[in-house]
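Single-structure report; data block below.
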Amino acid sequence: MMNELNIILEGQIERITYSNEETGYTVARLKVPEYHSPVTVVGNIISPCPGEILCVKGVWDNHSRFGRQFKVLGHSVKVPSTVDGIKKYLGSGFIKGIGPVMAARIVKRFKDKTLDIIENRTKMLAKIEGIGPKRIDMIRKAWREQKEIRDLMIFLQTHGVGSGHASKIFKQYGDESLSVLTRNPFKLATDIQGVGFNTADKIAEKLDFKKDNPQRIEAGILYVMNQVAEEGSVFYPYEPLVERCQEILEVGRDKVIRALAETALDKKTIIQDAQLTDDELESNNKAVYLARFHVSETGIAQYLLSLISSLGSLKGIDTDKAIRWVEKKADLALAPKQIEAVKRAVSSKAIVITGGPGTGKTTIINAVIKILIRTGAKIMLAAPTGRASKRMSEATGFQAKTIHRLLEFSMRKGGFQRDQDNPLETDVLILDEMSMVDNLLMYHLLKAVPKQATLIMVGDIDQLPSVGPGNILGDIIRSGRIPVVELNKIFRQADESKIIINAHRINNGHMPELSQDRDILSDFYFIEQDDPEKVPDTIIELVSKRVPNRFGFDSVEDIQVLTPMHRGAAGTSNLNIRLQNELNQSSTSLKKGDRVFRLNDKVMQIRNNYEKDVFNGDIGRISNLAPDVREVTITYDGIPVPYDYNELDEIMLAYAISVHKSQGSEYSAVIVPILTQHYMLLQRNLIYTAVTRGKKLVILVGSKKALGIGIRNNRTEKRYTWLAERLKGN
C-alpha cells in the first residue's frame, strides 16, 4: 500500500540484488545519508553499477513478502566522488580491464582524481603495477564505449524498449547508433542478431512512425519470411504470406502487396510460379522466397543434376569381385541390401543410403572405403557437426571433417574458400548425417564438389529434419533422380540392444517394450511419473546419483538430458538451472542478464560463429572465467575459444538441451522427459531422434499416455520446398 507520494532519495548504490538487462528491472540497496540502514529500491534503472550516486523519484510501498521498498518512478545517476564510492564503482567490472584488485590499486594511487584520470589522462595509468599499453588501450576504449552505450540505453528505455541490446547496436553502428535508430529503426531487425522486428517496431512507434510506413511494411515482410525460414521452409505461398503479414502489421492487403512487389524489385525476395498442391493454395500458385534461399535451392538442383550427368573419375570396378574381396579382407558376410548399397556406391555418380540404427550403415561405409582405397581413389569424409564428424572418424578410422572445415571457411577471407572455382580435390565424397544438412550448407557443399566426383550420402530419413530451412535428404529421395538404398534389417549384434529394438518399434508406430527385470541391467528404461511437477526431481536424481552410481557414467560428460521444450518445469531453461546448481558448485561466476555462468559449466553454442569457428550445437566446457575483465573461455574438443561479455548471448547452459539441438550427436546416456504438457511437440520422429541419440543407456521419464500420443502422431510439420520438383525438371 502506497502511503507517501513524490519522494526523492539520493544515495550511493551499495549492492545490486537483481538486475535484468533486457527490461532494466532492478532491485538495489541504496545508502541514503538520512536513513540509518540501506534502502531497498525497485524499478527500471538503466545499467546500475555499485558505487554510483543514484537519485530516485518514487513512492514507498509495503511488499507482502519483502517489506518496505521504494518503488522507482524516475531516476538519474552521477558518478561517485568519494574514494570508497569510486573503488566500488570501478571494482564492479563494468569497465573491461579493471576488476576489484586493479580498481583498488588505481584508487589507492589517484584517490578522488581517479575517474578524471581514466577519462582525460589515461596514459597516467601506466604508473600502476600491472597496467601496460595494451590494458590502457582496453580501458580507454571500454570507458568511451560505456558512455556511448549508456546514452543508447537511455534512448531505448525512453522509447519503451529493454536496454539489453544496446551493446550489440553500438558494436554494429558505433557513433552512428542513435542516428540509425531515429532514421530507420527497422534496420535493427535485419542487421543485428537477436533484435527482432517487434523490438524495432516498438522503437518506431515511439518515434511516431505510422503503421502504413513503407519501411515498416517491408521490414515486416522480411521478418515474416525469416520466421518462415526458422520454421524450416525455403519459401512460403503468396496468399498465406500476404494474410500473415496483414495480421502482424495490421495494414490493408493492397499495402502489403505493394511492399512485397518492392522487395522483389530490390531483389530481396523472389516471386515465382509454382504448382502448389494444397487445396487452399490453388487460387494463386506463387511461391515467395528470400533471395538467398532461391539462389541456394536452384543452385542445389543445378549442381546435383550436373554431377549425375557428368563422367566419373572412378575406374571401372568389377563389383562382384570387389564384394568377394572386401568380405574376405574385413571378415564380413554382407546382407543382400548391404551388397546392393556397396555395389551402387562404387558404380554410381551419386547415391543415398538411408536406414535406422543397427542396420549396417557404418559397415557399408567401411566396405566402400576399403574398395575405393584399393583402386587408388582419393576419398573425403564429412558430416555437418563436429561431434558427427568425430564419430565418423572413430567408426571408420579415416579422417572426417565438418562441412565448414572441409570447405575451408575463413571469416578473414570472406567465406568458403572451396567452391566451383576452387573445388575439393577428391574422387569420392562420403557425407554422413544427411538429415541434418540444410539448404544453404548443401548449396555451398555442392558448389565445391568436382563434376567427376562420386557423392555418397548417408542418413536416417526418419529423424527430425535439419534445424535450418530445407528438407534436403527427403527431397532428394522423393525426386527419384538418384539411386536410394533403404536399409531396414537389424543385425544380430544390434538385435541385443533394447535401444535399437525400441527405436525401430517407435519408428514403426509401436510402443517400446517397457517391461523390466529389476535385477538385470538394461540399456533402455521407462520411469513412469504422471505428475509433471515431480519429473524434474526424478531427472535431477537420475543425473546426479542413480545413473552414475549404477552405471558409472559421469554426470556432466556422459549424461545428456534431452527435452522437447524450452519452457515449463521439464523444459531446458528450468532443468539447466537446477542441474547447474546440483552439479556445479563453483563460486567463480559471471552474470549476463538473468543467466549465471560458472567455471566448469557445460555450455552449447546456439548460433554459427564463423569467426570463432564454432557452430550451432557445439558443446564445450567453461575452462576459464575472468569476472574482472568479463571474459569467458570455452573449450570445445580441446580447443579454447575466448568470448567477451557481449558475446555470451551466443551460448546457453547445456546440461539439458532440446532434441533438435542433439541431432548428429551421440551420448553415452540420454534422459528424456515425455509429458502430456509437451503434446504440441510430441511427434514420432522427435521421440525416435531422442532415443537414437543414446549409445549405452536411454531413460524416458513421464507418462505412458504422453508416450503413446507422440508415437501415434506421425504428422510432421510441413516444410515448403521445391527442390524435388526442380530435380524432376518441373
Of all beta bridges DSSP finds with both residues in the chain, what is the antiparallel percent, to the nearest 5? 60 percent
For residue 607, other-chain or 5+-apart residues with amide H closer than 5 Å (H placed, Pro excluded) are 616, 617
With +1 on the Cβ of every Lys and Arg and -1 on the Cβ of every Asp and Glu, the dipole magnitude of the chain about its Cα centre, in debye rounded to the nearest 20, is 1760 debye
For the chain, take the longest principal axis of its alpha carbons; what is the angle in degrees between that and the long axis of helix 386-396, to the nearest 10 within 0 to 90? 30 degrees
Calculate one ³J(HN,Hα) per residue across segment 555-561 by plugging θ = phi - 60° into the Karplus curve 6.51 cos²θ - 1.76 cosθ + 1.60, and present them in order as whole Hz with x for glycine and proline. 4, 9, 6, 9, 9, 10, 8
What whole-number distance in Å separates the alpha-carbon centres of segment 568-614 and segment 200-263? 34 Å
On Cα atoms only, tilt of 336-347 relative to the major axis of the chain in degrees: 80 degrees
If each DSSP helix of 4+ residues adds -39,500 (n - 2.57) and the sum is divided by the residues in the chain, what number results at 222 nm, nearest 500 deg cm²/dmol? -11000 deg cm²/dmol
Take the Cα of residue 230, step 7 Å along the line toward its Cβ, and report every residue of segment 677-698 whose backbone nitrogen sits under 18 Å from that point. 681
Find out how many positive minus negative residues lie around residue 171, taking Lys and Arg as positive, Asp and Glu as negative, among other residues whose Cβ is under 11 Å from that of residue 171. -4
Residue-normalised value, i.e. accessible area per residue, for the chain at 1.4 Å probe, in Å², stands at 46 Å²
Nearest 10 degrees is fine. How inclined is helix 100-110 to the longest principal axis of the chain, computing both from alpha carbons? 40 degrees
Only loop residues by DSSP count here, and only those with at most 13 other Cβ atoms within 10 Å; note down the GluC sites (Glu not before Pro) in segment 404-505 that meet that. 425, 496
Under the Kirkwood approximation for Rh and a Cα-based Rg, what ratio Rg/Rh is obtained for segment 283-377? 1.15
Multiply the residue gap between residue 310 and residue 134 by 0.36 nm, knock off their C-alpha separation, and tell me the result in nm, one decimal place. 57.7 nm
What does the highest-first list of 551-560, 683-692, 616-625 look like by mean Cβ count within 10 Å? 683-692, 616-625, 551-560
Cβ-defined net charge surrounding residue 668, 10 Å radius [Lys, Arg +1; Asp, Glu -1]: -2
What is the packing order of peptides 452-464, 596-608, taking the mean over residues of other C-beta atoms within 10 Å and listing the highest first? 452-464, 596-608
Return the tail of the calculated pair distribution for segment 492-590, meaning the percent of Cα-Cα pairs more than 21 Å apart. 47 percent
Can you quote the Å³ per residue value for the convex hull of the Cα atoms in segment 344-419, rounded to an integer? 119 Å³
For the ranges 705-712, 33-40, 573-580, what's the packing order if you count other beta-carbon atoms within 10 Å of each residue, average per peptide, and put the highest first? 573-580, 705-712, 33-40
Putting +1 on Lys and Arg Cβ atoms and -1 on Asp and Glu Cβ atoms, find which of 446, 699, 627 reaches farthest to the positive end of the dipole of the chain. 627
Inter-probe distance in nm under a simple model that places probes 7 Å from Cα toward Cβ, at residue 286 and residue 62: 6.5 nm
Total formal charge among the other residues, if their Cβ is under 13 angstrom from that of residue 453, Lys/Arg +1 and Asp/Glu -1: +3
Gain in length, residue 264 to residue 399, computed as 0.36 nm per residue apart minus the alpha-carbon separation, to one decimal in nm? 44.2 nm
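The values are calculated or read from the model by the stated rules, or taken from the named source; none is laboratory data. From a predicted model like this one, the values you see are computed outputs, not experimental measurements. For neighbour counting, all protein chains shown are included, and Cβ atoms are generated from backbone atoms with ideal geometry for every residue, glycine included. Side chains included, ligands, DNA and RNA excluded: accessible areas come from the protein's heavy atoms. Shrake-Rupley method; radii C 1.70, N 1.55, O 1.52, S 1.80 Å.
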